[in-house]
Every structure is written in structure tokens, then in C-alpha cells.
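Here's the structure, in C-alpha cells; my notes come after.
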Amino acid sequence: MLAVITNNKMLMAATDNPHLNILVMMAKVDGETDQAELELIRQIGASNNVLPEDIEKIIDETSSEETIPSLENLDKKEKIELMTNLVMVMKIDGRIDKEEMKFCLQVIKKLGYNEDALFDLVSSTQIDPAQQINKDEIKARAEKFLR
């Protein structure tokens, strides 16, 4: 297991839970961490059996400046799930920041997607925060783009 020492704290590297670490990095990359983004990340963590205290630790200790962890060991299902969750976190607050798009492009390239996939997913899914984002729709669209 890899560890990083920052500000006299020993942090476990993003390999502990790369999925949640990446989602938190996405939420923080624009400099404004929205409560809707954090709540969605908590729900995603809970649905993956991550303890609430571990989720909070990941949220507190993950920085947007961290290096995106390696994603080459993820299987196709995990890649689709991460891509789907990235789009959901990016869109949950009703706006898409330029920094979020740049970050997401870096991640999707590591996942084996091309930039057309991101643009399609972002432009074809609902951006109105008052309307629920359809995860199954995003997942279906993400699956067809994976190389």
C-alpha cells in the first residue's frame, strides 16, 4: 500500500478507493465544493459499502491537486460506473465548470474513452438540478463509448 505524507499527516494514496478519490477530486477541482456533489459522493460510497467515516475521511483528505490514480486495473463494468458517476457529480449542481471538464477529460482518457464520449454524455443528459439525473441513461450511453 502506498502512503503520502502531507502537512505532517500520513494519507493513504488514492489507490485505497480510486473511484471515490476521483469523484472528490472532481468535486473540488473548480474550487467550489457544492453540498449536492458531496451528498452524491456519500450516496455512491454508501452504495459500495464504504463506511460513512471512511467516506468523510476521503472527502476531507483528498485534494484536487492529487495525481489521478492508475485506472488500468478497472474492469469494463467499473470503468462504466466511474464514468457514469463522474458525469453525475459534474452535473448535479446544475453547472459545468471548465476545470471540471478538463479534469473529466483526463480521467476518461485513462479509462479508455475519447473526448467525444464526454461531450456526448454531458450534452445529452439533463443539466437542470431540479430534475433527477437518470443514471441508467448515462450508464447506457457510457457503455457504447468504451473502447
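Every read-out reported here was derived from the displayed coordinates using simple, explicitly stated rules and does not represent laboratory data. Just so you know, these numbers come straight off a predicted model, no measurement behind them. Because the Cβ atoms are built from the backbone with ideal geometry, glycine has one as well, and the counts that use them run over all protein chains shown.
Points worth noting:
- Difference of contour (0.36 nm per residue) and Cα-Cα distance, LYS109 to ASN73: 11.5 nm
- Centre-to-centre separation between the Cα atoms of the range 29-50 and those of the range 65-92: 13 Å.
- At most 16 other Cβ within 10 Å, DSSP loop - trypsin sites (Lys or Arg not before Pro), the range 26-117: ARG95
- Distance in nm between pseudo-label sites at LYS98 and ALA36 (7 Å out along the Cβ direction from Cα): 2.2
- Fewest-first sequence of LEU121, LEU71 by Cβ atoms within 10 Å of each Cβ: LEU71, LEU121
- Taking MET88, MET101 and counting other C-beta atoms within 10 Å, the order from fewest to most: MET101, MET88
- Residues ASP136, ASP34, sorted so that the one with the fewest Cβ neighbours within 10 Å comes first: ASP136, ASP34
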